[in-house]
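Note sheet for the following structure.
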Amino acid sequence: MDILTQQLFNGLTIGSVYSLVALGLTLVYGILHIPNFAHGALYMLGAYITLTLMLLWGVHYWIAMAVSVLVVGLLGVIMDRLVFHPLRNAPPIHDKIAAIGILLFLEAFAQLIWGADYRTMETPYGQVIDLFGMTATMQRVLINIGAIVVMILLFLFLKKTYIGSTIIAMAQNREGAHLVGINTNKVAMLTFMISGGLAAIAASLSAPINLVFPGMGHLVILKAFVIIILGGMGSVPGAILGGYILGFTESLGATYLSNDYKDIIAFLMLVVILSIKPKGLFSREGF
Amino acid sequence: MGSLLKKRGWIIGFILAAILFPFVSQNEYFLHILTLAFIWMIAVYGLNLLAGYTGYLSLAHAGFFAIGAYTLGLLTVKAGLNYWIALVLACFLTSAIGAVVGLVALRTREHFFAIYTLCVGYIIYLVIDKWDSLTGGVRGLIGIPAPTSVGPISFQTPLSQYYLILFFLLFTVLVMYRIIHSLTGRTFIAIRNSEDLAQTIGISTMKNKLLVFVISTFFAGLAGALYASFIRFIGPDIGYITIIFDLLTYLLVGGIGTLAGPIVGTFLIVTVSQSLQFLQDYRMLIFGPLLTLLIIFYPRGIVGAYHDWRMKSLAKKKQQLNRKQTYVHTQSTETEKKIKEG
Amino acid sequence: MLIETKKLTKTFGGLVAVNEVDFTIEKGKINAIIGPNGAGKSTFFNLLSGSYSPTSGRIFYKGKDITKLPPNKIARLGVARTFQTTNLFEQSTVLDNVIVGHRLRTESNLLDAVLRTKRFKREEEKCRDKAMEVLDFVGLTHVRDQLAVSITQEEKKRVAFALALATDPEIVFLDEPTAGINPGETEGLADLMEKMVEQQITVCLIEHKMKMIMALADKIMVLNYGEKIAEGTAEEIMNNQAVIEAYLGGDASA
């Protein structure tokens, strides 16, 4: 029973990270229909920027994270303007290849600057605490709380502000949004900004319990794709729910099935889902 | 169906250059690099038929490459099978797995297909990496034999391997040329243009897509098997995502959906990376942005850009010719008029 | 009677796009389907060509039930169609674009292509000849060797006709064939449709240009909100109260 609660808590923690990454991915997909393979690289850069600020200048964890969010968000915007914007009317295969190009570049860039070594991030919240009879580090608790706070803020932003509602409007109907006078270019940039920011938050929160290295985004981004297919490409609640489902499945799978093969679970899940429903779990039959 | 290779001269030129190269340079290192490039070209051709001519971007092909390599490796090292039988089996096993994967994967489209195949590729990699008892896991598989002699011809020297792999490459190019310049090839291109339209002109899209997928994985498997017997050692990383990104870069630079693209792109990138040895780990600093820029400005790569440029200059010539003709024509009608009036 | 639908219905989610439509297409005539925007015309077309499968109802082609057939099999039976937007392979010549249209009447496979068998050569020839023939029929012989990217909008429409004709159809469905081209060119395409009927090819089209339809069509069906509100000759349609109301939006006498 103890192991089970411990694993459920682990699942919740991993799930929080997955959800944040998947949220950024799903927002970009929903609005621009770009499967942004470079999103994993943004995640990786988010962790490195926070780490560097803390190590080099002794910046406090939270401030370092805030800067990281800004920098990675801006990087997202630059990506949109330089690459995805010119490709808006190109065949769908082009977006994917361009995104892969960016991914390759950013990874090589990280390797050049920070080297290929695995690094660890110290956290001011390393202390072990007792939580309802199980032990966990404060950092893990923070990941969970942080993710939920971010999700609530994002929800409020999308639902309660005008600018947030334009994002929703554009996700539902791009041409329609354009017709009613929404500046679709601005919304696209904003979406990339948020998406990059979310990746940086996820990476900075989870880096202390994982390792930081140039290829750290690979598995996370692949799993995030699995999640948004699970939850419906472009769906915000779907990304959150899917993230937690995958987190729990993996955490339980690692304990009760095989730790070696836990990473396969996500991909098998996706292969099974797409085999049964080629357009994803929540596809609508369109006109 | 524009392509450089349509011009017979280019083909003959390429074959001659490839055959004569070892006579010009005795450098074993160059020979090694070129042989390796030929192997990649075979894999890129497989990818090109699927992504370039049929419009399905598969990110699982590094996995199929690895399946081909490991099948050959395991059959020769562990089962002690004859090399050539193992080679044939490697190709067929890869395409059989390709058929199963394709049957399901091809029901998805566009982004879903890319993500689906990406995941399939990753599963293949993970299985190879974790299935220690069969594949040797991260330690890899060593001692894969070189091709055994066929009659009097032995393949122990680098030079003979060079010609053997060149032979397979030429075979690949010939098959691709014939497929693309046939009704079957036209069928594939019709599917790339619009699947809905293809169906309404009576094309069974699923059947044809599956056919392409199987051919495409066949060549990925062939390339993998040749790689295994050429390098003599394989590890799980030959199935990793970075390999498919390399193949894509070769294809994109050369020209996706062109016949000469795989040769031009692979040759260029492989030789450039060799001369930029110091960049090895950082080559993606250059190739990453290159990939992105190409897809924005020259989506059909070097070969496509060259082809467009030729078409334009041809059209211009034609226009000039037309203008002259109309000029002559108007003049003559005017004279006729004058004659009549006069 | 070439094609007959019985209580053909298609719903998307809760929305009824086509509602219990009974319709017959007569052989060797120009049949037209008209109706206001969103009346379900395109959906109806997609049902007939097999692109959508109906929620309920049946479709018969020459008495044979084709309701469950996929579009490629329907095409083989002799049903061709064009789309509103013409997807041509622009980097290729007009002729190359049309050759594949006759693919469904050939047997040669991958092995034939790789080994260049006799059957391969014979069928390549056959498809090329067919493409030349239909390009001549639609009046495009002069642009045969041009790249598809360089021809005019009206010529692209004609290429789409040629591609459909290359399948050796008995009936051709045309989805707004004259959208986006000028009146003079529209007349040219109307002539082409009449020429097709002379060749014993039945035509069925969706069109917005009422004047053209009234002059051209032998038989017209009017759809509104997914339901058939009238069917008959041009004259009958023009005097039909329900049609007038649908088009003027409400009470015609007001």
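Could you check the spin-label model distance between A:Ile152 and B:Lys312? Points 7 Å from the Cα along Cα→Cβ, value in nm.
So the two model labels end up 5.8 nm from each other.
May I ask you to order C:207-217, C:96-106 by the average number of other C-beta atoms within 10 Å around their residues, highest value first?
On the way: C:207-217: 17.4, C:96-106: 23.8.
Per-residue Cβ counts within 10 Å, averaged per peptide and sorted highest first, yield C:96-106, C:207-217.
Using the crude model of +1 on Lys and Arg Cβ and -1 on Asp and Glu Cβ, and no other charge, please compute the dipole size for chain C relative to its Cα centre, in debye to 20.
Working: 32 positive and 35 negative charges, 240 e Å.
Dipole magnitude for chain C comes out near 1160 debye.
Can you list residues whose amide H is under 5 Å from C:Thr11's amide H, if they're 5+ apart or on another chain and H is modeled 1.01 Å from N?
Sorted by chain and number, the residues that satisfy this are C:Ala17, C:Thr55.
Size of region B:11-299 along its principal axes in angstrom, Cα-based, largest extent first?
54, 44, 41
For q values of 0.13, 0.14, 0.18 Å⁻¹, compute log₁₀ I(q)/I(0) with the Debye formula on a Cα-only model of region A:109-233, without solvent.
Scattering profile of region A:109-233, log10 relative to I(0): -0.75, -0.84, -1.12.
Which one of B:Val272, B:Val120, B:Val150 has the biggest mean-square fluctuation once chain B is modelled by GNM with Cα springs under 10 Å?
B:Val150
Averaged over C:91-100, how many beta carbons belonging to a partner chain fall within 10 Å of each residue's beta carbon?
Values: counts 10, 5, 2, 0, 0, 4, 4, 1, 3, 14.
Mean number of neighbouring Cβ atoms from other chains: 4.
Using only Cα atoms, locate the centre of region C:211-238 and the centre of region A:19-87, then give the distance between them in Å, rounded to an integer.
58 Å
Please go through region B:216-249 and write out the chymotrypsin sites (Phe, Trp or Tyr not before Pro) that DSSP classes as loop and that have at most 10 other C-beta atoms within 10 Å.
Numbers: sites: B:Phe218, B:Phe219, B:Tyr227, B:Phe230, B:Phe233, B:Tyr240, B:Phe245; in loops: B:Tyr240.
The qualifying sites: there are none.
Calculate the radius of gyration of the Cα atoms of region B:188-288 to one decimal place, then report Dmax, the largest Cα-Cα distance, as a whole number, both in Å.
Radius of gyration, then largest Cα-Cα span, for region B:188-288: 17.1, 54 Å.
List the equivalent ellipsoid semi-axes of the protein assembly as shown in whole Å, largest first, each obtained as the square root of 5λ for an eigenvalue λ of the Cα gyration tensor. Can you show the working numbers first?
Working: eigenvalues 500, 299, 140 Å².
They are 50, 39, 26 Å, listed largest first.
Using only alpha carbons, build the gyration tensor for region A:14-108 and give me the equivalent ellipsoid semi-axes, biggest first, whole Å.
Details: eigenvalues 142, 42, 25 Å².
So the equivalent ellipsoid measures 27, 14, 11 Å along its semi-axes.
Beyond 31 Å, what share of the Cα-Cα pairs of chain A is found? Please give it as a whole percent.
Of all Cα-Cα distances in chain A, 26 percent exceed 31 Å.
Per the helix-only calculation at 222 nm, which mean residue ellipticity applies to the protein assembly as shown, given -39500 (n - 2.57) for every DSSP H run of n ≥ 4 and division by its residues, nearest 500 deg cm²/dmol?
Working: 35 runs with 555 residues, N = 883.
About -21000 deg cm²/dmol.
Give the peptides C:141-153, B:307-319 in descending order of average Cβ contacts within 10 Å, highest first.
Working: C:141-153: 14.7, B:307-319: 12.0.
My ranking of the peptides, most packed first, is C:141-153, B:307-319.
Given B:Ile42, B:Ala190, C:Ser53, which one lies farthest toward the positive end of the charge dipole of the protein assembly as shown, if we put +1 on the Cβ of every Lys and Arg and -1 on the Cβ of every Asp and Glu?
B:Ile42
Can you give the FRET efficiency for C:Met1 and B:Gln319, using 1/(1 + (r/R0)^6), R0 = 45 Å, r = Cβ-Cβ distance, to the nearest 0.05?
Working: r = 52 Å, r/R0 = 1.15.
The computed FRET efficiency comes out at 0.30.
Could you work out the relative contact order of chain C, using alpha carbon pairs under 8 angstrom and six or more residues apart, expressed as a whole percent? Show your work: numbers first, answer last.
On the way: 461 pairs, mean separation 68.5, N = 254.
Relative contact order comes out at 27 percent.
Would you calculate the separation in nanometres between label points at A:Tyr118 and A:Thr5, each defined as 7 Å from the Cα along the Cα-to-beta-carbon direction?
Roughly 3.1 nm, to one decimal.
So for the pair C:Asp145, C:Arg122, with labels modelled 7 Å out along Cα→Cβ, what separation do we get in nm?
Reported label-point gap for C:Asp145 and C:Arg122 is 2.9 nm.
Across peptide C:119-132, how many C-beta atoms of other chains are within 10 Å of each residue C-beta, on average?
Average per residue, whole number: 1.
What does the structure give for B:236-248 when I average, per residue, the other chain Cβ atoms found within 10 Å of the residue Cβ? Mind dumping the intermediate values first?
Values: counts 0, 0, 0, 0, 2, 6, 4, 0, 1, 7, 1, 0, 5.
Shielding by partners across B:236-248 averages 2.
Mind checking which aspartates and glutamates have their Cα closer than 15 Å to the Cα of B:Lys209? Skip sequence neighbours fewer than 8 apart in that chain.
Those aspartates and glutamates meeting the cut-off are B:Glu110, B:Glu195, B:Asp196.
Provide the per-residue ³J(HN,Hα) series for region A:165-172, in order, calculated from phi with Karplus coefficients 6.51, -1.76, 1.60 and θ = phi - 60°, each as a whole number of Hz, with x at glycine and proline positions.
Coupling constants for region A:165-172: 5, 5, 4, 4, 4, 6, 5, 6 Hz.
According to the Kirkwood expression over distinct Cα-Cα pairs, how big is the hydrodynamic radius of region C:23-162, in Å? Before the final figure, lay out each step's value.
Values: mean 1/r = 0.0577 Å⁻¹.
Evaluated over region C:23-162, this radius sits at 17.3 Å.
Could you run the Debye sum over the Cα atoms of region A:61-129, one equal point scatterer each and no solvent, and tell me log10 of I(q)/I(0) at q = 0.26 Å⁻¹, two decimals?
Here the Debye-derived log intensity ratios amount to -1.18.
Given region A:190-235, report the % of alpha carbon pairs whose separation exceeds 12 Å. The partial results should precede the final answer.
On the way: 732 of 1035 pairs.
The proportion of pairs with Cα distances above 12 Å equals 71 percent.
Students often check this: by mean Cβ neighbours within 10 Å, which of A:12-21, B:77-86 ranks highest, and how do the rest follow? Please list the in-between numbers first.
Values: A:12-21: 26.5, B:77-86: 14.5.
Output ranking for A:12-21, B:77-86: A:12-21, B:77-86.
Would you kindly give the portion of the calculated P(r) for chain C that falls above 35 Å, as a percent of all Cα pairs? Show your work: numbers first, answer last.
Details: 5830 of 32131 pairs.
Result for the distance tail: 18 percent.
Output ³J(HN,Hα) for region C:3-14: one whole-Hz value per residue in order, computed from phi by the Karplus curve 6.51 cos²θ - 1.76 cosθ + 1.60 with θ = phi - 60°, and x for Gly and Pro.
10, 9, 10, 10, 6, 6, 9, 9, 10, 10, x, x
Bear in mind that the values in this text are calculations on the coordinates, not laboratory data. No experiment lies behind these values; they were computed from the predicted model shown. Because the Cβ atoms are built from the backbone with ideal geometry, glycine has one as well, and the counts that use them run over all protein chains shown.
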